[in-house]
Structures are given as C-alpha cells and as structure tokens.
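Report on the structure given below.
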Amino acid sequence: MENKPSKMPRSKHIVVDTEACGGCLTCELVCSARHFDGLCDRELSAIKIDADMLDYRFDYMACKQCGSASCVAICPKGAIGFDENTNARYIDKDKCVRCGACVKACPFSESKYPPIRKVVKYDQKYIIKCDLCHGYEDGPYCIQVCPKAAIRLG
C-alpha cells in the first residue's frame, strides 16, 4: 500500500555555503546528538559534510525535501509525514519498520552521501534523513551552531 498525498507541500531545505564552511563537522555532531539523545556519531547525522582538508574544499548532502517526495509515496506504513510548520518530510519512528523502501525510492540514493539512508549501528537499524529538526521549536540546530554561519535554509 502506497501513501499518495494529494499535493506535495513545498519545503525549504538545508543549504551549506561550501566557500564559508570550515570543515569542523560540528553540524554533523549536533544533528546526531539532537536526534539520538545526546549521542554524537557522524554516521547517525542527517547532514553530511565531505571535507577535503588537503585542498580545503567541502561538499555536503542533506535531504532536499523533494517536491516529488518519492520517499513519502513509497512508504508501506505511511511513516513519512509532513511537518505542519515547515512542510519538511520527517520519519515517524513509531510507524517506521526500517524496510528501506524510502531509501531505494530516493532519486539521490546512489550519491556518495545519500540524503536518506539505512544505518545499522549499536545493534539497531535506523533510517536517517534531515527533517529540519521536526518537533523542535528552535528549528534546525545545525544552522544555530555553525561557527562559520555557513548553513541556512534555502
């Protein structure tokens, strides 16, 4: 059974100014800490920074909150919803069975750092994707803590 919303709401998404980024990876650590009860683990971060410190170049990946939202449509349990304030796609951890259908449906699933991915860690399965800090009134924490102010909503 597919979840077929009548209209996919538009959402902003995380954008990193790669010229301003210093590669400190603070954003990755605070992302995992916020979503996993204080656990700082880059593998559990929804934002990924690819830091080439030799050439001092950076690239990033975070969920683009696609207009097509194929992850939402394919979820057999209807576990991906839309935040009522931001329209960001978020995973309802109580409904998610971690089947990975959303991961396969993502048009960016083959990239170096897929924006939605299945992670097995600490004997648990997780589906990781940026939800713009769904459920937190102060919004995306990565934006607030970036020491270079290189992260914004786009």
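The values are calculated or read from the model by the stated rules, or taken from the named source; none is laboratory data. Just so you know, these numbers come straight off a predicted model, no measurement behind them. Side chains are part of the model used for accessible areas, which takes the heavy atoms of the whole protein and leaves out ligands, DNA and RNA. Shrake-Rupley method; radii C 1.70, N 1.55, O 1.52, S 1.80 Å.
Annotations
- The residues in the range 99-115 that are closer than 21 Å to residue 61 by Cα and more than 13 Å from the chain's Cα centre (by Cα) can be counted, and the count is 8.
- The single residue among 15, 119 that is under 14 Å from residue 129 (Cα atoms), within 16 Å of the chain's Cα centre (by Cα) and of a type in the set (A, V, I, L, M) turns out to be 119.
- Hey, residue 43 open to solvent by 50 Å² or more (accessible area, probe 1.4 Å), closer than 24 Å to residue 143 by Cα and assigned to a helix (DSSP H, G or I) or not: yes
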